[in-house]
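The values are calculated or read from the model by the stated rules, or taken from the named source; none is laboratory data. Being a predicted model, the structure only gives us computed values, none of them experimental. For neighbour counting, all protein chains shown are included, and Cβ atoms are generated from backbone atoms with ideal geometry for every residue, glycine included. Keep in mind that these areas ignore ligands, DNA and RNA; they rest on the heavy atoms of the full protein, side chains included. Shrake-Rupley method; radii C 1.70, N 1.55, O 1.52, S 1.80 Å.
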Amino acid sequence: MKITGSQVVVECLVEQGVDTVFGYPGGNILNIYDALYKNSDRINHILTAHEQAAAHAADGYARSTGKVGVCMATSGPGATNLVTGIATAYMDSSPIVAITCNVANSLLGKDTFQEIDITGVTIPITKHNFLVRDVNELATVLREAFEIARSGRPGPVLVDILKDVTAAEVEFEPLPKTADKGKLLAKNHDNFKRVMDVNVPSDAELKAAAELINSAEKPVIYAGGGIKISGAEKELLDFAEKGGIPVCESLMARDCFPSNHPLCTWMVGMHGTKASNMAITESDLVIALGSRFSDRVIGDPSKFAQKANVLHIDIDPAEINKNIPTDDSLIGDLKSILKRLIPGIKKDKHTSWNQQIAEWKKEVPSTYNVTKKDSINPKALCEIINKIAGDDTFITTEVGQHQMWTAQFYPFSKPRTFVTSGGLGTMGFGTGAAMGIQVANPKARVVHIAGDGSFRMNCNELATIEHYGLPIVIVLVNNGALGNVRMWQRLFYGKRFSQTTLDFGPDWLKLADAYGIDGYKATNKDEFEKVFKTAFESHKPCIIDARVDIDEMVLPMVPGGKPVYAQIMELSQDIMN
């Protein structure tokens, strides 16, 4: 059948199982928006208040479902407004396809109104990108984009389509429903096949890894976000329980292993627990699963796990020996590798090692249970949310102190229920992500924990939340400051609080009212529990202005560049005054 390029876009999206796209229209993408209008019964479109939120929403959709999220924007500023969202997805290996439209062929390269080389801009932050100048290539490019985004180590793919391509007609052949899409596309595209290739370790490699694990007396698992991406949470649990191996988690893996499991030591690194950081330090074998040894995890690399061998298992060979030298490695899909590895692991309890870790677990900063006047303790805040919302609720965050408190104190127990920006640390990520999650999971509940500094960057999306009736509860952790930066200024910059005090508007409850959203305020634990219960049970969009002391700290803390065992557990009174 002969159809326009814009209709090809719609047909390919439907073909790939896309039910929702997030975006914002503009001149050069009008043909595609016209096609979406004509096919609104097949594809749902969510209009965000800003293109960046569309990218974050597509990202949240992807992280909560494992499917590819889709966002759209027009040329020029529309496309560049997607860049931060694309970079966020790239750093956290999230599969999204961003579709932009550029000026027509005849105008390309002439500094035309709203023209920008968005493929050039996004080369470093996409898994792959395409510029489509010929309508005959459009369907193949879109199909490749989706396969590349979700295959191997997932990531974002950008497809930039020229405006005249969306208007041109082409003979379109639907992809056979029984086709193996990857093989069909790889058959004629060598570059595509290279991107799709996934290594499979040999039996001998697996046996050697098992022997290394079985010979360790103090092994520890360092779980990364690759666990979640591969869907290997059950395999991780089986592996840890069979070997009696404690599990410490990166920020991206906080929902990959049940927090209240005896083997869980919670987060590792800069704001990790004493148990996690000391387990790494005293271990004789670190088993890194789907992790990239981020600087926020390893601290001083020369002093990281000095007593340990390192076994690194990851799908991306580029991660092996990149930040930390390894003694052995297995490259391939984590879920498949663990399934093959577990039978070779001997059953063990590592009793004395786990007893030592249990002792470290008891060492926590006093701030965990200190409540200041007219303030809510962050630990209590997280525990109250979990008590009322339950384990199935999705939790999103922005970036800053509130994010670290959530990672430190929220007892996650279900996979894919914690969505946050790890690699890029994007303030403004969480609200868009929460929208994407809620749209993808309409029967589920979403609680968005935001800092007042971050929320200033995306509070315009309250319009989107209200318009689509998304029952997201936004807990605004309001300490009147850019708390994380202020904390560093207190510790390392002589208390020179340069541009981190937010002692000016808005009145968050008045803002909520302006958008037609219910607003609440809480200044202590009891008030917070009462208003959160009311907000959550209302099943409506809500904001809770939850007051936290401006000088509340995130402890433990490893100063930048220091070894992970050099944790600050308590602060002297002169530093706090």
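Annotations
- Only Lys, Arg, Asp and Glu carry charge here, each on its Cβ (+1 for the first two, -1 for the last two); on that basis the chain has a dipole of about 920 debye about its Cα centre.
- Comparing Gly505, Tyr520, Phe536 along the charge dipole axis of the stretch 457-577, the residue lying farthest to the positive side is Gly505, per the Cβ-charge model.
- When both the stretch 407-436 and the stretch 516-545 are represented by their alpha-carbon centers, they are found 20 Å apart.
- Unit charges on C-beta of K, R, D, E only; dipole of the stretch 265-416, Debye: 400
- Evaluated at q = 0.10, 0.17 Å⁻¹: base-10 log I(q)/I(0), Debye formula over Cα of the stretch 60-150: -0.26, -0.73
- The stretch 461-576 gives an Rg/Rh value of 1.08, both radii derived from C-alpha positions and Rh following Kirkwood.
- Rg [Å, one decimal], Dmax [Å, integer] - the stretch 393-485, C-alpha atoms: 12.4, 37
- Under-5 Å amide H pairs with Asp518, H placed in peptide plane, nonlocal only: Ile543
- Lys495 - accessible surface, heavy atoms, 1.4 Å probe, Å² rounded to 10: 70
- Taking all C-alpha pairs of the stretch 268-324, those more than 18 Å from each other amount to 27 percent.
- Considering the stretch 394-442, its Cα convex hull presents a mean projected area of 3.5 nm².
- Using a probe of 1.4 Å on the protein chains alone, the accessible area found for Tyr565 is around 90 Å².
- Å² per residue, accessible surface of the chain at 1.4 Å: 40
- Along its principal axes, the stretch 317-464 has C-alpha extents of 53, 36, 33 angstrom, given from the largest down.
- In a simple Cβ point-charge model (Lys, Arg +1; Asp, Glu -1; nothing else charged), the stretch 474-577 has a dipole of about 320 debye relative to its Cα centre.
- Antiparallel bridge percentage (DSSP; both residues within the chain; nearest 5): 10
- The distance separating the Cα centre of the stretch 64-91 from that of the stretch 97-133 comes to 14 Å.
- For His539, the accessible area of its heavy atoms, probed at 1.4 Å with every protein chain present, is near 120 square angstrom.
- Percent of C-alpha pairs per 5 Å bin in the stretch 314-392, short distances first: 3, 10, 9, 9, 10, 14, 15, 15, 8, 4, 1, 0.
- Taking other residues whose beta carbon is less than 10 angstrom from the beta carbon of Phe172, and scoring Lys, Arg as +1 and Asp, Glu as -1, yields -3.
- Scattering profile of the stretch 1-137 at q = 0.15, 0.18 Å⁻¹ [log10 I(q)/I(0), Debye over alpha-carbon scatterers]: -0.70, -1.03
- Percent of alpha-carbon pairs separated by more than 46 Å within the chain: 16
- Pairwise centroid distance, computed over Cα atoms, of the stretch 482-498 with the stretch 257-290, Å: 28
- Scattering curve values for the stretch 45-111, log₁₀ I(q)/I(0), Debye with Cα scatterers, q = 0.21 Å⁻¹: -0.79
- All alpha carbon pair distances within the stretch 257-389 were sorted into 10 Å bins beginning at 0; the resulting P(r) in whole percents reads 10, 32, 34, 18, 5, 0.
- Distribution of pairwise C-alpha distances over the stretch 511-577, 10 Å bins, in %: 17, 30, 21, 22, 10
- Shown for the chain: the carbon plus sulfur share of the solvent-accessible area, taken with all protein chains present and a 1.4 angstrom probe, equals 51%.
- Selection from Val165, Ile437, His312, by position along the positive dipole direction of the chain (Cβ): His312
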